[in-house]
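Before any comments, here is the structure.
The values are calculated or read from the model by the stated rules, or taken from the named source; none is laboratory data. Quick caveat, the model's predicted, so the values are computed rather than measured. Ideal geometry is used to build each Cβ from the backbone, glycine not excepted, and the neighbour counts take in all protein chains shown.
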Amino acid sequence: MANKVKGQRSFVAGGQTYTVHFDFNALAELEEATGLTVPKISEQMQDTSRISIKFMRALAWAGLLKHHGLSLTEAGEVMSQGDMNEIFMAVGEAFATSMMTEEQIRELEAQKKTGQKKVAPPTEPMSGTGIK
């Protein structure tokens, strides 16, 4: 089960539950796969007209690495077996919370439960991450 306070999210595809988590290694792999920095990836995710299938698969793949160790092709197969809206909600939230502190994630989750307006994740990386 995904630990939301740690920035993990989950989705079901093909009858199996998958955990998405963007740790430091996943973010580095994502940068390598896309040729973009994390801030540029975040920027691109804000404009859905700029998101290609190749980009979406790379994003999901990187998020699945830590818990499932799938290849890029296997990640695409998982995506084909699930609900794209559910998958990209999980992937998008996991990516966004990867730059947040646990306290910020707790606050976001509390606001979602009470129906308050969501707080946007920080646009600047957390200090100490080494991400520019």
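Selection of the stretch 41-81 for residues being over 14 Å from the mean Cα position of the chain (by Cα) and of a type in the set (D, E, K, R) yields Asp47, Arg50, Lys54, Glu74, Glu77. Being free of Cβ contacts under 8 Å to residues at least 12 places away in the same chain, out of contact with any Asp or Glu (no Cβ under 8 Å at 6 or more places or on another chain) and either closer than 21 Å to Thr97 by Cα or among the β-branched types (Val, Ile, Thr) (or both) is true of Gln44. Candidates in the stretch 22-41 are the residues that are among the acidic types (Asp, Glu) and without any contact (Cβ under 8 Å) to a residue 24 or more places away in the chain; of these, the one that is farthest from Met99 (Cα to Cα) is Glu32.
The residues of the stretch 28-55 that are at pLDDT 95 or above, of a type in the set (A, V, I, L, M, F, W, C) and either in contact with a strand residue (DSSP E or B) (Cβ under 8 Å, 6 or more places away or on another chain) or closer than 27 Å to Arg106 by Cα (or both), listed by number, are Ala28, Leu30. Scanning the stretch 53-109 for residues that are without any contact (Cβ under 8 Å) to a residue 24 or more places away in the chain, farther than 21 Å from Ala28 by Cα and crowded, with 18+ Cβ neighbours inside 10 Å yields a single hit, Leu108.
If the condition is being touching a helix residue (DSSP H, G or I) at 6+ places or on another chain (Cβ under 8 Å), closer than 22 Å to Gln81 by Cα and either hydroxyl-bearing (Ser, Thr, Tyr) or surrounded by fewer than 18 Cβ atoms within 10 Å (Cβ to Cβ) (or both), then the stretch 21-52 contributes only Ile51. Each residue in the stretch 43-56 was checked for being of a type in the set (D, E, K, R) and over 14 Å from Gly92 (Cβ atoms), and 2 of them qualify. Residues that are within 14 Å of Phe95 (Cβ to Cβ) and part of a helix (DSSP H, G or I) were ranked within the stretch 1-24; the one that is modelled with the highest pLDDT is Phe24.
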